[in-house]
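Structure, as structure tokens:
The values are calculated or read from the model by the stated rules, or taken from the named source; none is laboratory data. Given the structure is predicted, the values throughout are model-derived calculations rather than measurements. Every residue, glycine among them, receives a Cβ derived from its backbone with ideal geometry; neighbour counts consider all protein chains shown.
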Amino acid sequence: MYRYFTEDDPSALNDPQYKLNFYGQSFDFFTYLLIKLFHLEEHPYEARHVMVALTGAAAILVTGLLVKLLAGNAAGWLALILMFLSPRFLGHSFNNPLDVPFALGNIFTLYHMVLFLKKLPRISLRSSLWIAVGIGWTNGIRIGGLLLVPYLFLFAGLYLLVRKWPWKFFSALWWRFALKGLLTLVLISMAGYLLSLLTWPYALQDVINHPIQAFKVMTNIQVSIRVLYDGLILWSDRLPWHYIPKNILISVPVIILLGCFASLFTWYSRRKEMQSYFYFMLWFTVLFPVIFIIYRESNVYGGWRHMMFIYPSMIALSSMALSQLARIGQKRIATVVVSVLVAAGLFHPLRHTLLNHPNTYIYFNEWAGGINHTYGSFETDYYANSLKPASDYFIENILPGVESQADQPIRVVSNSNISYYFRMYRDQVTPFYSRYYDRGRTDWDYAILYCNYLHPYQLNNGLWPPKNTIHEIKVDDVVVAAIVERLNKEDYLGATLLNEALREQNSEKVSLAIRHLENAKLYDPNNEAALLDLGNAYSAVYRFEEARATMDLLLEFYPEYDKALNVKAYTYLMEAQLKQDPASLDQAIAIFNQAIESNHKFYTGYFNLGLCYAYKDDKSNAIYNLIQAIKFNGKYRQAYEQLAQVYEHYGDTELARSVRDRMSRIP
């Protein structure tokens, strides 16, 4: 984006892979300008961490100022303490360059809205300008910041109706004031909107239609990931409605949740005062976004981090309520009781913060039983934060004792990107990525792994961390990252030989691959990649019973593994073709359906189901499943070709030609 403004580079206008052109860049651009100004190009991540931390601190400060404005000094200080000792928010304030600056913009704008309303009937130019800046900053990060504009009109309009003014309702003076206020709101909104576009190249190309398009994209994100929620692995675009509410209930400190619930009582107790109106404002800004997300069935993941912007309002409600309860009846006993309650409620998050830094955000509250209880049921390190301390440990304690040559650096694999951590050690270390369950198929000497995207059965039954773990990163008593030393490469040798054998159709190499993979299985019976490859190898030489037995063994400690079910089902499909056995074909269909039920985006399973139905002469099911395979993998050439062949078989030559035409346009 910097090059867009300095060199007229158009690449910021289109990002088909990550769709970053649909995001504003106010925070990122400002950070990059500082990086350029202070010549920090060699340390971009450190600079961004500092900037995120500053926005997190600012969000805490502004929340305290808002509460001070509404409920006095004591409540304001309490808000600062409660928000600082909120491990999820504090942890993200070290790391999250999107949700934390967005939360700052949201609460900053709400703070100045309250100031604006409290100064009425005098219309404050200063507050108006700061509201515009807040809208510009927030909407300049994510199009959802535009929600602040209807907030502004809603809250100001209702305030106009509920507050007593020096004029009679609907009198000439009242209307004059109302119209002047309306004009001010329109000007604030326009100024804020235009400010948000200044650092958003895509929106600058079409200031109306492109932001509308961004809103459609942001409320219906197409990219989805697999999420561990309530003991199940689910796709993020198919999460249950209670995903956000439940994650909030189990990861926000209990004292803050109790304060929020208490605010309903204190709100009611002050229903005849203007203070009740600001309770309404805060509750609305908490509930409306959550209800909207649930109604829209929006694609969310990573706990409730996408809803982090509602958290300052929750803190405000909680601190206002607790502060008011401490002053009930002007009796000292109430102050003592509430103070003891708050101190007790802050012990758990304070202990967690002190003991588990820098993995602060991996927090579950007392109601959830802490991370020791929720581990294996909910996501823990979804931001891959633990890989930094694991990499640091490796560099400081393991690397000095490892012999490496300049032309043969040691190979370190990870199930996330750790390249930046090793940027100063490239002459000794080659870091690279592999999926956790594919790690056995790659050549590595050490692995630095974290616990996300693992099946809950393995997390709950001692199958993580893997064999030969030499160091663990823990949060409380659970392992969130592990350093593994590789002492046996039979799985890698077997996988390499098997790939060569299948490519060359060499049965002797298949037999040799089987020998290596069987050795890998003996060395580590829980080696997922070795067992999966062994099943494929047995299938390649028609040893179907052994292939199925191997897959059954894999499914014992990785239940419902779609790839294992696929291999098992494929043996029945091959058997059906070799023996002309309808029963085997039905068995294959049943197991392929199990694989798809486990993973509804499993395109290989749909493809193989299409083959089964084509072999069964079931046109409609064959076509449906092949189309599903293409739907979930638009570059799956085999599925295009097989679909074209099915159409040709049934005389639909035009459709076959159309399918092959689409296939020819695949990059």
Only one of (1) surrounded by 16 or more Cβ atoms within 10 Å (Cβ to Cβ); (2) closer than 24 Å to residue 236 by Cβ is not met by residue 597, so which one is it? (1)
Looking at the range 112-127, is at least one residue β-branched (Val, Ile, Thr), in contact with a helix residue (DSSP H, G or I) (Cβ under 8 Å, 6 or more places away or on another chain) and under 23 Å from residue 304 (Cα atoms)? no
Of the numbered conditions (1) in the same structural domain as residue 481 (by TED's automatic domain parsing); (2) over 28 Å from residue 486 (Cα atoms), residue 399 satisfies every one except a single condition; which is it? (2)
Among the residues of the range 561-593, what is the count of those that are within 35 Å of the chain's Cα centre (by Cα) and among the acidic types (Asp, Glu)? 1
Inside the range 333-357, the number of residues satisfying the requirement of being among the hydroxyl-bearing types (Ser, Thr, Tyr) and modelled with pLDDT of 95 or more is 1
When (1) buried (at least 17 other Cβ atoms within 10 Å of the Cβ); (2) of a type in the set (A, V, I, L, M, F, W, C); (3) in the same structural domain as residue 430 (by TED's automatic domain parsing) are applied to residue 371, the one that fails is (3)
Taking the range 54-74 and keeping only residues that are farther than 17 Å from residue 327 by Cβ and not small (Gly, Ala, Ser), one is left with 54, 55, 60, 61, 62, 63, 65, 66, 69
Within the range 541-552, residues being under 39 Å from the mean Cα position of the chain (by Cα) and either within 14 Å of residue 513 (Cβ to Cβ) or of a type in the set (A, V, I, L, M) (or both) number 4
Go through (1) under 24 Å from residue 97 (Cα atoms); (2) touching a Leu at 6+ places or on another chain (Cβ under 8 Å); (3) surrounded by fewer than 19 Cβ atoms within 10 Å (Cβ to Cβ); (4) not acidic (Asp, Glu) for residue 334 and report which single condition fails. (1)
So which of 463, 517, 497 is under 18 Å from residue 435 (Cα atoms) and in contact with a Leu (Cβ under 9 Å, 6 or more places away or on another chain)? 463
Scan the range 20-58 for residues that are of a type in the set (Lys, Arg) and more than 25 Å from residue 90 (Cβ to Cβ) and jot them down. 36
In the set 174, 167, which member is part of a helix (DSSP H, G or I), out of contact with any Ser or Thr (no Cβ under 7 Å at 6 or more places or on another chain), at pLDDT below 95 and surrounded by fewer than 18 Cβ atoms within 10 Å (Cβ to Cβ)? 174
Based on this model, can you work out whether residue 287 counts as within 29 Å of the chain's Cα centre (by Cα), surrounded by 15 or more Cβ atoms within 10 Å (Cβ to Cβ) and not charged (D, E, K, R)? no
I need the full set of residues from the range 639-654 which are modelled with pLDDT under 95 and either buried (at least 16 other Cβ atoms within 10 Å of the Cβ) or of a type in the set (A, V, I, L, M) (or both), in order please. 652
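Residues are listed down the side, and each one gets a yes or a no for (1) out of contact with any His (no Cβ under 7 Å at 6 or more places or on another chain); (2) buried (at least 21 other Cβ atoms within 10 Å of the Cβ); (3) free of Cβ contacts under 8 Å to residues at least 24 places away in the same chain:
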site: 480; (1), (2), (3): yes, yes, no
site: 488; (1), (2), (3): yes, no, no
site: 494; (1), (2), (3): no, yes, no
site: 497; (1), (2), (3): no, yes, yes
site: 504; (1), (2), (3): yes, no, yes
site: 509; (1), (2), (3): yes, no, yes
site: 515; (1), (2), (3): yes, no, yes
Here is a list of conditions, (1) in contact with a Phe, Trp or Tyr (Cβ under 7 Å, 6 or more places away or on another chain); (2) at pLDDT 95 or above, and residue 84 meets all of them except one; can you say which number that is? (1)
Kindly indicate which of 386, 339, 318 is buried (at least 20 other Cβ atoms within 10 Å of the Cβ), among the hydroxyl-bearing types (Ser, Thr, Tyr) and under 26 Å from residue 282 (Cβ atoms). 318
Candidates 380, 374 - the one that is under 22 Å from residue 478 (Cα atoms) and in contact with a strand residue (DSSP E or B) (Cβ under 6 Å, 6 or more places away or on another chain): 380
Of the residues in the range 229-241, those that are of a type outside the set (A, V, I, L, M) and either touching a residue at least 12 places away in the same chain (Cβ under 8 Å) or not in a loop (DSSP other than H, G, I, E, B) (or both) come to 229, 230, 231, 235, 236, 237, 238, 241
